[in-house]
Amino acid sequence: MQTGGHFEGSAVLHWADGADVKGALMVGDTITVVPDRRFVSFMTNYPNLIPMSESKIKKIVDAVEPYEFDRIYGGWWDRNVMSGAKDSVRDSARRYIEHISD
């Protein structure tokens, strides 16, 4: 599905039968799984660490919200959310927006 993000064509793949039929997302760098793997993050420009705007984050979250998923497979080895991924996206977006809105 196209989610937008750091460029308009950003997309993620939803695998309905993945994660023992609980659903999974393959996100590349549209949604980034961070090192502790309980949260994800969002960036407009990764090499220069430029944060993403609130409106773009909300667009991504709104795009994935209708889909059931319990797992996220990230764009890097060992960067996966193995359970509770939908809540991780919601909670991470809320946390991120709080920090950029200060």
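Each value in this text was obtained by applying a stated rule to the coordinates, not by laboratory testing. Note that the structure is predicted; figures quoted are calculated from it, not measured. Cβ sites come from the backbone with ideal geometry, for glycine too, and all protein chains shown count toward neighbours.
For the stretch 10-36, enumerate the residues that are in a loop (DSSP other than H, G, I, E, B) and out of contact with any strand residue (DSSP E or B) (no Cβ under 6 Å at 6 or more places or on another chain).
Just the residues of the stretch 10-36 that are in a loop (DSSP other than H, G, I, E, B), to begin with: 10, 12, 16-17, 22-23, 29-31, 34-36.
Residues satisfying the conditions are Ser10, Ala16, Asp17, Lys22, Gly23, Asp29, Thr30, Pro35, Asp36.
Among (1) surrounded by fewer than 16 Cβ atoms within 10 Å (Cβ to Cβ); (2) touching a strand residue (DSSP E or B) at 6+ places or on another chain (Cβ under 9 Å), where does Lys56 come up short?
(1)
Pairs, please: C-beta under 6 Å, at least 6 apart or cross-chain, first residue at negative phi and in the stretch 6-18, second among the aromatic types (Phe, Trp, Tyr)?
What qualifies is His14/Tyr67.
Could you check Val61 against (1) loosely packed, with under 12 Cβ neighbours inside 10 Å; (2) in a helix (DSSP H, G or I); (3) of a type in the set (A, V, I, L, M, F, W, C) and say which number it fails?
Going through the list (1) loosely packed, with under 12 Cβ neighbours inside 10 Å; (2) in a helix (DSSP H, G or I); (3) of a type in the set (A, V, I, L, M, F, W, C), Val61 breaks only (1).
Which pairs do you get when a residue that is without any contact (Cβ under 8 Å) to a residue 40 or more places away in the chain, found in the stretch 29-51, comes within reach of a residue that is β-branched (Val, Ile, Thr) and in a loop (DSSP other than H, G, I, E, B), reach meaning Cβ atoms under 7 angstrom, with the pair 6+ apart or on two chains?
Going by the 7 Å Cβ cut-off, the qualifying pairs are Thr30/Thr3; Thr30/Val12.
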